[in-house]
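First the structure, in the form of structure tokens, and then the observations on it.
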Amino acid sequence: MELVIGVLIGLAAGIVGAVVGTRFVLARRLTTAGSEQKRLTDEAKRAAQAIQREAQVEAREEALRLRGEVEQELREKRSEIVKIEERVVNDVTILDLKGKITLGDGDEALKDKINSLVLQNRRRILLNLAQVARFVRPMIEARANKPVRTSAISMALSRLQNELSEEPAPMVRFLLDRINLHAGLCILSFPKVDAIHASLQAVYSRLNRDGAYLTLTEGTAEITIIVDRSYMSFVLETVTVKPAGRHDQISGLGVRFDKRYAETSGLIYEILQQLAIQRINVVEIASTRTELNIYLRETDVRRAFDSLYAQFIETGS
């Protein structure tokens, strides 16, 4: 009996050991399978992200390529849409318009052309009315929402021309008395605060006593002082307020003109227009009734002087 009980106990222990071993092996296999599944999931995520990045790069490159093609096509179409031919007869610039015009393209081209001629001081401009009629026909039809004959537009333009054909006031030919050059200047701008006026008075007294160059302008928010560069250190030491702006290497052109121009519009515009045509930047301006002081960088002053002299002094000699 005891032998049978011992055998049964041994069998039970063996069965329990086998079950425990099996569970351990299964647990290890499950852990290994879970790790493998996580690794495969991570690799799949990384692969998907890499594919997505490549797709984004390709899409961006394709979008840039298509944009370039569209812009090039628009430029080519605009060049085909309108051609403006220019000819000069007895100091009159005649513009002939040719090509197919679409709303929004031709009118901009015409505006650009006329603005370019105005900047060149070519004010006598004549449009070929027959070609202008063909030019504006698509725009008029688009706005009227019906077909319009070119001949009807030409007649309307002729009537409008007759209504506006009053003799314009003669253009004033501006002439300058002289142009003075002041080199070696600097410009200092200060914020307009209460503490600055006393120190500026000291600067004015010193430079006036020395007979030195000085221009002082006062606005609503800033005060600008233009002096010879040799006095720049003195100004910075005397004025206790920190400057808001500073320009070195400056030259000034002092333009003198007859007092009758003070009541005539257009002089300052034409002077600045000449500098704009030469793409010369004006750093600062100061004026009196018969004098305009233009402050430029020293590298631009020679071209500015030659341009103003040729336009307003040499042609009047």
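General observations
- Per-peptide average of other Cβ atoms within 10 Å, ordering 239-245, 300-306, 205-211 highest first: 300-306, 239-245, 205-211
- Both numbers refer to the Cα atoms of the range 166-317; Rg and Dmax are 17.4, 62 Å.
- Each part reduced to its alpha carbon centroid, the range 38-72 and the range 189-225 end up 62 Å apart.
- Potential extension, Gln49-Gln273 segment - 0.36 nm per residue separation minus Cα distance: 74.8 nm
- For the peptides 221-229, 282-290, the ranking by mean Cβ contacts within 10 Å, running from highest to lowest, is 221-229, 282-290.
- The label point for Leu64 and the one for Arg149, both projected 7 Å from the Cα toward the Cβ, are 5.6 nm apart.
Every number in this text was worked out from the coordinates using simple rules, so none of it is lab data. Quick caveat, the model's predicted, so the values are computed rather than measured. Using ideal geometry, Cβ is built from the backbone for each residue, glycine included, and neighbour counts are taken over all protein chains shown.
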